[in-house]
Every structure is written in structure tokens, then in C-alpha cells.
Amino acid sequence: MARQHHLFIASPAAGRLGPQMARTLAAGHAQLQAAGYGLPVLGPHPAGHVHLDATLIGTANCGLFHFFAKAEGRAQLFARRLGAPVSRLVIQTVPYETYYPKMWRQIAARQPLKPFEGATKRLVERARGWVEVIGDLQRALQPREIVVLPAPVTVEEGLAALVPGASLAPRLQVGPDAGELSESAIAMIQRLFRANVTIEAQQLRRLQAFHNSQPQGAPIAAFDALDAAKLRRRYRQDMKAIGAMPGVRIGADCEYAIAAQ
């Protein structure tokens, strides 16, 4: 019998889970084979059976500007490249009130952006959300099941959802994320962009390290209390709607998740 293909989608700007899952799967090749899962790979490599993809639904730019409106087309391309049916699809979702600021901050570290507060009204009123993304993936990939993991998600929970029964030791990142920039560091980068100033990478790293060590003020990207409450309510409603979709469940299998931890 042909092996099943399992896919973990690492949502962009969603934190450390994607990289930690990638390291754990790569280091657990032998354990995955022993559990009957086959080779772990990045993307739709035809030789693999456990796939991790960080760009399938789109980049942070796609998420911030149109909430992954091209996810279905990208998933169709993934399916054609894979050339085999997907059995289990696992994706992490992040609440809107925290996800939009996360995506803005990630983009702002590498390109000029208009201030976040100027976009909040449009983001709060945007109709497209996780319900549409999950529907896009379901139509394009037609997996046997979709497991949605609402953030925060541990590596153990991600593994329990993707490869239940496989005995893998999580490869966790210890200490602060070197790529995580402080509020003042991002503000400094945006000022440089606006002034059309280019500095060498080494000097930029020194400036970032200095700003990261300083006391921080108010968040550079955040919703006010009323808008945040609206988005939290919307997220809860969307998770309820997603959980009612045929072939979709919310959360890893409890038995395996407990055993993994």
C-alpha cells in the first residue's frame, strides 16, 4: 500500500513553531521511518511523505495585505508538484489581533511601510479570514483530514497532530530569538527607509543590538482595546465555523498530545 502524505503548513510570522518542527522532523528521520511515516522533506518534494511548507499559503505580505487571497492557487500548484493525495494537513492559526501586528513587524524589518494605525480600520473590517483560507486548502488539496491548531501551539502538539505515534524528541530553541527585533529597532529601520539611508549590514546589526537592549515604549503595531476585542470575537466565531467543516478538527488528538508531553 502506498504511503500517505502528511503536510504541516508553517504560517508566516507565526513564531518559532515552524522552524522547531522542521528541525525536529529532520533529526527524527529514523523514528519517522520506524513509525511508518517515511521521509521528512521541505515543500512538495516527490521523494518525501512528511512535508513542511512555510510559503504554501503565502508570505507575511500576502497575509497583511489580503489575508492569503491566493492560497487556493498556491495549494493547487503544490498538489500538482506533489502528484499524490494528501492524507493529513496540519496548520497553525493565530488570532487576528496579534497576527496582523506580527506580520506588519516582520515586513517592516525589511521594507518601508505606512504606520500600522492607518490600516487598522481596513483590517478590522476585512471579510476574508481563516475560514476562507481553510476552505481554499480543503478544495485545492482535498486532504482526508485537516487539523487546525489555534496558537499558542507547542512542538509536542504540532507533532501529535502531524505524525501521531512517532517518538520524536522536540528540537527547541533556547534563549531569545536572534531575529526578533524590539519596537525601537523596527522604528529605527523605518526611519532609515523613509530617509532613503542605506547602511552596511554589520552597522545595522550593531544598531539593532543597541536598540534591543534599550527600554521599550508602546508597541509600534497594535490595535486599540475596542478593535482588539472585535477581532478576538471574530476569531472565536471563525474557529467555531472551521470546527464545523466536514473533515476538519480543532486541536491535536488529546491522547497523543498528552503522551508526547
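Does GLY251 count as modelled with pLDDT under 95, in contact with a Leu (Cβ under 8 Å, 6 or more places away or on another chain) and either on the phi < 0 side of the Ramachandran plot or surrounded by 12 or more Cβ atoms within 10 Å (Cβ to Cβ) (or both)? Yes; evaluated as a whole, the condition is true for this residue. If you go through the range 95-107 and pick out every residue that is aliphatic (A, V, I, L, M) and surrounded by 22 or more Cβ atoms within 10 Å (Cβ to Cβ), you end up with 1.
Please indicate, with yes or no, whether at least one residue in the range 17-24 is within 23 Å of GLY251 (Cβ to Cβ) and of a type in the set (S, T, N, Q). Yes. Checking ARG23, ARG74 one by one, the residue that is of a type in the set (Lys, Arg), under 24 Å from GLN142 (Cβ atoms) and either modelled with pLDDT under 95 or in contact with a Phe, Trp or Tyr (Cβ under 9 Å, 6 or more places away or on another chain) (or both) is ARG74 and no other.
Of everything listed in (1) surrounded by fewer than 20 Cβ atoms within 10 Å (Cβ to Cβ); (2) out of contact with any helix residue (DSSP H, G or I) (no Cβ under 6 Å at 6 or more places or on another chain), the single unmet condition for SER167 is (2). Is one or more of the residues making up the range 75-90 free of Cβ contacts under 8 Å to residues at least 24 places away in the same chain, over 23 Å from ALA187 (Cβ atoms) and of a type in the set (Lys, Arg)? Scanning the range 75-90 turns up at least one residue that is free of Cβ contacts under 8 Å to residues at least 24 places away in the same chain, over 23 Å from ALA187 (Cβ atoms) and of a type in the set (Lys, Arg). Only one of the listed residues (ALA169, ALA160, ALA140) is among the hydrophobic types (A, V, I, L, M, F, W, C) and not in a helix (DSSP H, G or I). That residue is ALA169.
Of the residues LEU52, LEU17, the single one that is surrounded by 15 or more Cβ atoms within 10 Å (Cβ to Cβ), farther than 15 Å from LEU141 by Cβ, aliphatic (A, V, I, L, M) and touching a helix residue (DSSP H, G or I) at 6+ places or on another chain (Cβ under 7 Å) is LEU17.
Cβ-Cβ distances below 6 Å connect the following pairs, each with a first residue in the range 218-246 that is at pLDDT 95 or above, a second residue that is of a type in the set (Gly, Ala, Ser) and surrounded by 12 or more Cβ atoms within 10 Å (Cβ to Cβ), and a separation of six or more residues or different chains: ASP238/GLY129. Can you name the residue in the range 21-47 that is buried (at least 20 other Cβ atoms within 10 Å of the Cβ) and in contact with a Pro (Cβ under 7 Å, 6 or more places away or on another chain) and is also nearest to VAL163 (Cα to Cα) among such residues? Selected residue: LEU32.
State whether the residues of the range 193-215 include one that is of a type outside the set (D, E, K, R) and under 20 Å from the mean Cα position of the chain (by Cα). No; the residues of the range 193-215 include none that is of a type outside the set (D, E, K, R) and under 20 Å from the mean Cα position of the chain (by Cα). Test GLU132 against the criterion of being more than 30 Å from ALA26 (Cβ to Cβ), in contact (Cβ under 8 Å) with a residue 60 or more places away in the chain and part of a helix (DSSP H, G or I), and give yes or no. Considered against the rule, which asks whether it is more than 30 Å from ALA26 (Cβ to Cβ), in contact (Cβ under 8 Å) with a residue 60 or more places away in the chain and part of a helix (DSSP H, G or I), GLU132 comes out as yes. The strands (runs of 3 or more DSSP E) falling completely within the range 24-117 that include 2 or more residues that are in contact with a strand residue (DSSP E or B) (Cβ under 9 Å, 6 or more places away or on another chain), at negative phi and not hydrophobic (A, V, I, L, M, F, W, C) map to 50-53, 86-93.
The values are calculated or read from the model by the stated rules, or taken from the named source; none is laboratory data. Here the structure is a predicted model, which means the values were calculated and not measured. Note: ideal-geometry Cβ built from the backbone for every residue, glycine included; neighbour counts use all protein chains shown.
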